[in-house]
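What follows is a short report on a single structure.
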Amino acid sequence: MADLRDLGLSEYEERAYRSLLRTGPTTAKELSRASDVPMGRIYDVLNSLEQYNLVRSQAASRPKKYVAVEPDAALDRLLADKKRELDEKAEQYEEIVEELSDELEAAEPIEGQFWTAAVGLEESLDLLLERLAAADQYIVMVAGHSSIQFDLGEVGDRIAEQLESALDRGVEVSLLMTPEHVESLPPSVGERYVERLAPHPSFEVRTCSSVPGTFNLIDDVEVCIEVPNPLDPDEAFAMIDLKDPEFATEVAGAFEPRWLDAEPLDLDPASFDPTSFED
(Lines give C-alpha, C1' and ligand atoms only; values in the text may rest on other atoms or scores of the structure.)
Protein backbone atom coordinates (compact mmCIF):
# COMPACT_ATOMS: atom_id res chain seq x y z
CA MET A 1 0.00 0.00 0.00
CA ALA A 2 1.36 3.41 -0.97
CA ASP A 3 2.11 6.01 1.68
CA LEU A 4 3.79 9.40 1.86
CA ARG A 5 7.10 7.79 2.75
CA ASP A 6 7.18 6.53 -0.86
CA LEU A 7 7.40 10.20 -1.87
CA GLY A 8 10.23 11.03 0.51
CA LEU A 9 8.65 11.85 3.87
CA SER A 10 9.84 10.27 7.10
CA GLU A 11 7.47 8.37 9.37
CA TYR A 12 7.21 11.30 11.78
CA GLU A 13 6.63 13.76 8.92
CA GLU A 14 3.85 11.61 7.52
CA ARG A 15 2.21 11.28 10.93
CA ALA A 16 2.35 15.03 11.53
CA TYR A 17 0.94 15.92 8.09
CA ARG A 18 -1.93 13.42 8.31
CA SER A 19 -2.77 14.64 11.81
CA LEU A 20 -2.83 18.27 10.62
CA LEU A 21 -5.33 17.30 7.94
CA ARG A 22 -7.61 15.96 10.68
CA THR A 23 -7.13 18.64 13.33
CA GLY A 24 -6.97 21.78 11.22
CA PRO A 25 -4.89 24.73 12.54
CA THR A 26 -3.13 23.65 15.73
CA THR A 27 -0.06 24.27 17.85
CA ALA A 28 3.07 22.16 17.89
CA LYS A 29 2.22 20.84 21.36
CA GLU A 30 -1.29 19.81 20.35
CA LEU A 31 0.02 18.25 17.14
CA SER A 32 2.61 16.25 19.09
CA ARG A 33 -0.17 14.66 21.14
CA ALA A 34 -2.44 14.08 18.13
CA SER A 35 0.28 12.52 15.95
CA ASP A 36 2.34 10.65 18.58
CA VAL A 37 5.43 12.51 17.38
CA PRO A 38 7.64 13.16 20.45
CA MET A 39 7.65 16.76 21.64
CA GLY A 40 11.43 16.77 21.33
CA ARG A 41 11.09 16.12 17.59
CA ILE A 42 7.93 17.98 16.63
CA TYR A 43 9.58 21.32 15.76
CA ASP A 44 12.19 19.69 13.53
CA VAL A 45 9.40 17.74 11.82
CA LEU A 46 7.31 20.87 11.27
CA ASN A 47 10.31 22.81 9.93
CA SER A 48 10.95 19.99 7.48
CA LEU A 49 7.31 19.96 6.35
CA GLU A 50 7.50 23.73 5.82
CA GLN A 51 10.57 23.24 3.62
CA TYR A 52 8.56 20.72 1.57
CA ASN A 53 5.82 23.41 1.36
CA LEU A 54 3.35 20.96 2.91
CA VAL A 55 2.36 23.12 5.89
CA ARG A 56 1.89 26.81 6.54
CA SER A 57 2.43 28.55 9.86
CA GLN A 58 0.71 31.50 11.48
CA ALA A 59 3.60 33.29 13.14
CA ALA A 60 1.45 36.15 14.44
CA SER A 61 -0.49 33.87 16.77
CA ARG A 62 0.81 33.00 20.22
CA PRO A 63 1.49 30.16 20.47
CA LYS A 64 2.37 29.63 16.81
CA LYS A 65 -0.14 27.54 14.84
CA TYR A 66 0.29 25.27 11.82
CA VAL A 67 -2.09 24.19 9.07
CA ALA A 68 -1.72 21.52 6.39
CA VAL A 69 -1.61 22.39 2.68
CA GLU A 70 -4.45 20.77 0.70
CA PRO A 71 -3.62 17.15 -0.28
CA ASP A 72 -3.70 17.73 -4.06
CA ALA A 73 -1.22 20.60 -3.81
CA ALA A 74 0.94 18.69 -1.33
CA LEU A 75 1.14 15.60 -3.53
CA ASP A 76 1.95 17.68 -6.61
CA ARG A 77 4.82 19.33 -4.73
CA LEU A 78 6.20 16.02 -3.48
CA LEU A 79 5.97 14.57 -7.00
CA ALA A 80 7.76 17.60 -8.47
CA ASP A 81 10.53 17.22 -5.87
CA LYS A 82 10.94 13.55 -6.75
CA LYS A 83 11.07 14.31 -10.48
CA ARG A 84 13.69 16.98 -9.85
CA GLU A 85 15.76 14.49 -7.84
CA LEU A 86 15.49 11.93 -10.63
CA ASP A 87 16.56 14.50 -13.24
CA GLU A 88 19.58 15.41 -11.12
CA LYS A 89 20.43 11.73 -10.68
CA ALA A 90 20.09 11.14 -14.42
CA GLU A 91 22.49 14.02 -15.12
CA GLN A 92 24.97 12.59 -12.62
CA TYR A 93 24.76 9.15 -14.24
CA GLU A 94 25.24 10.68 -17.71
CA GLU A 95 28.37 12.47 -16.50
CA ILE A 96 29.67 9.22 -15.00
CA VAL A 97 28.99 7.34 -18.24
CA GLU A 98 30.78 10.04 -20.25
CA GLU A 99 33.83 9.86 -18.00
CA LEU A 100 33.87 6.06 -18.06
CA SER A 101 33.44 5.99 -21.85
CA ASP A 102 36.59 8.06 -22.31
CA GLU A 103 38.44 5.89 -19.81
CA LEU A 104 37.31 2.54 -21.20
CA GLU A 105 37.85 3.54 -24.84
CA ALA A 106 41.49 4.18 -23.99
CA ALA A 107 41.97 0.45 -23.47
CA GLU A 108 43.85 -1.50 -26.14
CA PRO A 109 41.58 -3.08 -28.78
CA ILE A 110 41.37 -6.84 -29.12
CA GLU A 111 44.09 -8.13 -31.43
CA GLY A 112 43.62 -11.18 -33.63
CA GLN A 113 40.41 -13.11 -34.09
CA PHE A 114 37.46 -13.10 -31.72
CA TRP A 115 33.94 -14.26 -32.40
CA THR A 116 30.66 -14.56 -30.56
CA ALA A 117 27.17 -15.70 -31.49
CA ALA A 118 23.58 -15.12 -30.46
CA VAL A 119 20.69 -17.50 -31.10
CA GLY A 120 17.09 -16.32 -31.37
CA LEU A 121 15.53 -13.15 -32.76
CA GLU A 122 15.82 -10.93 -29.67
CA GLU A 123 19.34 -12.08 -28.83
CA SER A 124 20.43 -11.65 -32.46
CA LEU A 125 18.92 -8.18 -32.57
CA ASP A 126 20.65 -7.15 -29.34
CA LEU A 127 24.01 -8.31 -30.68
CA LEU A 128 23.50 -6.48 -33.98
CA LEU A 129 22.45 -3.25 -32.24
CA GLU A 130 25.47 -3.45 -29.95
CA ARG A 131 27.86 -3.80 -32.86
CA LEU A 132 26.22 -1.06 -34.92
CA ALA A 133 26.58 1.22 -31.91
CA ALA A 134 30.33 0.46 -31.87
CA ALA A 135 30.91 1.68 -35.45
CA ASP A 136 33.25 4.65 -35.78
CA GLN A 137 33.79 5.05 -39.53
CA TYR A 138 31.33 3.14 -41.66
CA ILE A 139 28.68 0.41 -41.74
CA VAL A 140 28.04 -1.75 -44.78
CA MET A 141 24.73 -3.63 -44.69
CA VAL A 142 24.22 -6.37 -47.27
CA ALA A 143 20.80 -8.01 -47.47
CA GLY A 144 20.42 -10.90 -49.85
CA HIS A 145 17.18 -12.18 -48.33
CA SER A 146 14.64 -11.19 -45.70
CA SER A 147 16.46 -9.82 -42.69
CA ILE A 148 15.68 -8.75 -39.15
CA GLN A 149 16.90 -5.25 -39.96
CA PHE A 150 13.91 -4.81 -42.29
CA ASP A 151 11.36 -6.37 -39.95
CA LEU A 152 8.15 -4.54 -39.16
CA GLY A 153 7.30 -2.74 -35.95
CA GLU A 154 9.63 -2.30 -33.02
CA VAL A 155 12.49 -4.38 -34.43
CA GLY A 156 12.82 -2.29 -37.59
CA ASP A 157 12.42 0.92 -35.61
CA ARG A 158 15.26 -0.03 -33.26
CA ILE A 159 17.56 -0.75 -36.21
CA ALA A 160 16.61 2.55 -37.87
CA GLU A 161 17.26 4.45 -34.63
CA GLN A 162 20.69 2.87 -34.28
CA LEU A 163 21.53 3.76 -37.89
CA GLU A 164 20.34 7.34 -37.30
CA SER A 165 22.64 7.57 -34.27
CA ALA A 166 25.54 6.24 -36.33
CA LEU A 167 24.90 8.77 -39.09
CA ASP A 168 24.65 11.59 -36.57
CA ARG A 169 28.09 10.77 -35.16
CA GLY A 170 29.64 10.81 -38.65
CA VAL A 171 29.48 7.13 -39.62
CA GLU A 172 28.87 6.38 -43.31
CA VAL A 173 26.14 3.80 -43.96
CA SER A 174 25.94 1.84 -47.23
CA LEU A 175 23.08 -0.58 -47.90
CA LEU A 176 23.13 -3.15 -50.72
CA MET A 177 20.04 -5.21 -51.62
CA THR A 178 18.67 -7.20 -54.53
CA PRO A 179 15.92 -5.54 -56.61
CA GLU A 180 13.62 -8.40 -55.56
CA HIS A 181 14.28 -7.62 -51.93
CA VAL A 182 13.42 -3.97 -52.47
CA GLU A 183 10.15 -4.90 -54.18
CA SER A 184 9.19 -7.26 -51.36
CA LEU A 185 9.58 -4.64 -48.64
CA PRO A 186 6.30 -3.49 -47.06
CA PRO A 187 5.53 0.20 -47.67
CA SER A 188 5.93 0.99 -43.96
CA VAL A 189 9.54 -0.22 -44.03
CA GLY A 190 10.34 1.78 -47.17
CA GLU A 191 8.79 4.90 -45.68
CA ARG A 192 10.82 4.51 -42.50
CA TYR A 193 14.09 4.39 -44.41
CA VAL A 194 13.09 7.23 -46.74
CA GLU A 195 11.83 9.60 -44.07
CA ARG A 196 14.40 8.93 -41.35
CA LEU A 197 17.59 7.86 -43.08
CA ALA A 198 17.62 9.14 -46.67
CA PRO A 199 18.02 12.83 -45.67
CA HIS A 200 21.48 12.04 -44.29
CA PRO A 201 24.18 12.68 -46.94
CA SER A 202 26.21 9.72 -45.60
CA PHE A 203 23.40 7.20 -46.21
CA GLU A 204 23.22 5.44 -49.58
CA VAL A 205 21.24 2.48 -50.93
CA ARG A 206 22.09 0.50 -54.07
CA THR A 207 20.66 -2.62 -55.68
CA CYS A 208 22.44 -5.53 -57.33
CA SER A 209 21.04 -8.73 -58.80
CA SER A 210 23.72 -10.84 -57.13
CA VAL A 211 24.02 -10.26 -53.37
CA PRO A 212 26.01 -12.80 -51.32
CA GLY A 213 23.98 -13.55 -48.19
CA THR A 214 23.12 -11.15 -45.40
CA PHE A 215 25.85 -9.54 -43.32
CA ASN A 216 27.07 -6.26 -41.84
CA LEU A 217 30.63 -5.01 -42.24
CA ILE A 218 31.80 -2.61 -39.55
CA ASP A 219 34.92 -0.43 -39.81
CA ASP A 220 37.02 -3.01 -41.71
CA VAL A 221 37.35 -4.76 -38.37
CA GLU A 222 34.37 -7.05 -37.86
CA VAL A 223 31.57 -8.79 -39.70
CA CYS A 224 28.10 -9.59 -38.35
CA ILE A 225 26.67 -12.52 -40.29
CA GLU A 226 22.96 -13.26 -40.07
CA VAL A 227 22.11 -16.96 -40.16
CA PRO A 228 18.64 -17.82 -41.54
CA ASN A 229 16.45 -20.48 -39.99
CA PRO A 230 16.96 -23.69 -42.01
CA LEU A 231 13.26 -24.45 -41.62
CA ASP A 232 12.18 -20.95 -42.65
CA PRO A 233 14.73 -18.96 -44.72
CA ASP A 234 12.72 -15.76 -44.21
CA GLU A 235 13.27 -15.95 -40.44
CA ALA A 236 16.50 -15.06 -38.65
CA PHE A 237 17.91 -17.92 -36.58
CA ALA A 238 21.19 -16.56 -35.24
CA MET A 239 23.78 -13.81 -35.51
CA ILE A 240 27.53 -14.44 -35.63
CA ASP A 241 29.88 -11.55 -34.90
CA LEU A 242 33.44 -12.13 -36.08
CA LYS A 243 36.07 -9.57 -35.12
CA ASP A 244 38.95 -10.31 -37.46
CA PRO A 245 40.55 -7.39 -39.38
CA GLU A 246 42.05 -9.72 -41.97
CA PHE A 247 38.74 -11.43 -42.72
CA ALA A 248 36.87 -8.11 -42.64
CA THR A 249 39.30 -6.70 -45.21
CA GLU A 250 38.66 -9.69 -47.47
CA VAL A 251 34.91 -9.18 -47.14
CA ALA A 252 35.30 -5.49 -47.95
CA GLY A 253 37.35 -6.37 -51.02
CA ALA A 254 34.66 -8.76 -52.26
CA PHE A 255 31.94 -6.20 -51.55
CA GLU A 256 33.56 -3.24 -53.33
CA PRO A 257 33.14 -4.38 -56.97
CA ARG A 258 29.51 -5.36 -56.36
CA TRP A 259 28.88 -1.94 -54.85
CA LEU A 260 30.48 -0.16 -57.81
CA ASP A 261 28.38 -2.18 -60.27
CA ALA A 262 25.16 -1.72 -58.29
CA GLU A 263 22.42 0.74 -59.26
CA PRO A 264 21.74 3.64 -56.86
CA LEU A 265 18.22 3.52 -55.43
CA ASP A 266 16.40 6.85 -55.42
CA LEU A 267 15.23 7.51 -51.85
CA ASP A 268 14.38 11.17 -52.39
CA PRO A 269 11.42 11.83 -50.04
CA ALA A 270 9.98 14.32 -52.54
CA SER A 271 9.65 11.70 -55.26
CA PHE A 272 9.09 8.62 -53.10
CA ASP A 273 6.12 6.40 -53.94
CA PRO A 274 5.26 3.97 -51.11
CA THR A 275 3.61 1.57 -53.59
CA SER A 276 7.05 0.94 -55.11
CA PHE A 277 7.81 -1.21 -52.07
CA GLU A 278 4.75 -3.40 -52.46
CA ASP A 279 4.76 -6.89 -53.92
- How many of the residues in region 215-232 are modelled with pLDDT under 80 and closer than 20 Å to LEU175 by Cβ? 1
- Task: Give LEU20, LEU9 a once-over and let me know the one that is surrounded by 14 or more Cβ atoms within 10 Å (Cβ to Cβ) and in a helix (DSSP H, G or I).
- Result: LEU20
- Task: Tell me, yes or no, whether region 133-140 has at least one residue that is in the same structural domain as THR249 (by TED's automatic domain parsing), assigned to a helix (DSSP H, G or I) and at pLDDT 90 or above.
- Result: yes
- Item | Qualifying residue in region 96-108 (condition: out of contact with any helix residue (DSSP H, G or I) (no Cβ under 8 Å at 6 or more places or on another chain), modelled with pLDDT of 90 or more, more than 23 Å from PRO228 (Cα to Cα) and not assigned by TED's automatic domain parsing to the domain that holds PRO228) | yes
- Kindly indicate whether ALA248 is within 19 Å of VAL140 (Cα to Cα) and buried (at least 21 other Cβ atoms within 10 Å of the Cβ). no
- Qualifying residue in region 142-149 (condition: over 15 Å from VAL223 (Cβ atoms), touching a strand residue (DSSP E or B) at 6+ places or on another chain (Cβ under 7 Å), modelled with pLDDT of 90 or more and part of a helix (DSSP H, G or I)): no
- Being assigned to a loop (DSSP other than H, G, I, E, B) and of a type in the set (Val, Ile, Thr) is the filter; apply it to region 192-235 and report the residue that is surrounded by the most Cβ atoms within 10 Å (Cβ to Cβ). VAL211
- Sort out for me the helices (runs of 4 or more DSSP H) sitting completely within region 26-113 that have 3 or more residues that are more than 38 Å from the chain's Cα centre (by Cα). 28-35, 39-51
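The values are calculated or read from the model by the stated rules, or taken from the named source; none is laboratory data. The structure presented is a predicted model; accordingly, all values stated were derived computationally and were not measured. Glycine also receives a Cβ, built like all others from the backbone with ideal geometry; neighbour counts cover every protein chain displayed.
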